[in-house]
Amino acid sequence: MPRLHIVSTSTRPVSLGRPLASWVAGIAEQHGGFEVTPVDLAEINLPFLDEPEQPAARSYVHPHTHAWSALVESADALLFVLPMYNGSFTAPLKNAIDFLYHEWKGKAVALVSYSAGPTGGAPAAAAIRPVFERLGTRLAEQDVAVPGITRLVGPEGTFTAPEGLADELTTTLDQLAKLLTEEPVTA
């Protein structure tokens, strides 16, 4: 069964993305097409890129880089749950991407964005897509945007999905599964 890592990308101590990522993982498990592994960038705790060589050299010297490389390498697909701050994606997400190069090639990737406002973080997903394209990932066609996250996470930290969101996410998961059965396009 293909391995799907659900990556919560907010590193804030209190993040509304974690309950969302947990809900996404639950839907992915119900989907049945993946072996699901939750990943939290806050727990990974990468420093700002500190490798002496370029990531393309794959000559890592730090244990945190080796561990991150192995984690990404072990996934067939990754679904990133990303917040939008100031109209774009966050520095910790870009940093985590920039630590590696070869590990991203050919990976199937999907994006679930969120924000407190009405866009659901869609501008953040749109901004990060070219980065993933440049790295040779295969992106699901449909991103999922979750607006009004502050109203959807209760005081006990549970995410309550609005009507239709599970179906939207299932469509994206179907797209990820399909990407894994297709031959990668080489340039």
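The values are calculated or read from the model by the stated rules, or taken from the named source; none is laboratory data. Quantities reported herein were computed from a predicted structural model and do not represent experimental measurements. Here Cβ is always computed from backbone atoms with ideal geometry, including for glycine, and neighbour counts include all displayed protein chains. Keep in mind that these areas ignore ligands, DNA and RNA; they rest on the heavy atoms of the full protein, side chains included. Shrake-Rupley method; radii C 1.70, N 1.55, O 1.52, S 1.80 Å.
What single numbered condition from (1) more than 19 Å from Glu133 (Cβ to Cβ); (2) open to solvent by less than 50 Å² (accessible area, probe 1.4 Å); (3) within 11 Å of the chain's Cα centre (by Cα) fails to hold for Pro38?
Only one criterion is unmet by Pro38, namely (2).
Can you report the number of residues in the stretch 50-68 which are assigned to a helix (DSSP H, G or I) and either in contact with a Lys or Arg (Cβ under 8 Å, 6 or more places away or on another chain) or surrounded by fewer than 14 Cβ atoms within 10 Å (Cβ to Cβ) (or both)?
Qualifying residue count, the stretch 50-68: 5.
Determine the pairs where a residue that is farther than 11 Å from Val24 by Cα, located within the stretch 143-165, has a partner that is of a type in the set (Val, Ile, Thr) and open to solvent by 30 Å² or more (accessible area, probe 1.4 Å) with Cβ atoms under 6 Å apart, the partner being 6 or more residues away or on another chain.
So the pair list comes out as Leu152/Thr160.
Of all residues in the stretch 99-139, count the ones that are hydroxyl-bearing (Ser, Thr, Tyr) and within 18 Å of Asn86 (Cα to Cα).
Final tally of qualifying residues: 4.
Do we find that Gly164 is on the phi > 0 side of the Ramachandran plot and in contact with a helix residue (DSSP H, G or I) (Cβ under 6 Å, 6 or more places away or on another chain) in this structure?
So Gly164 does not fit the description; no.
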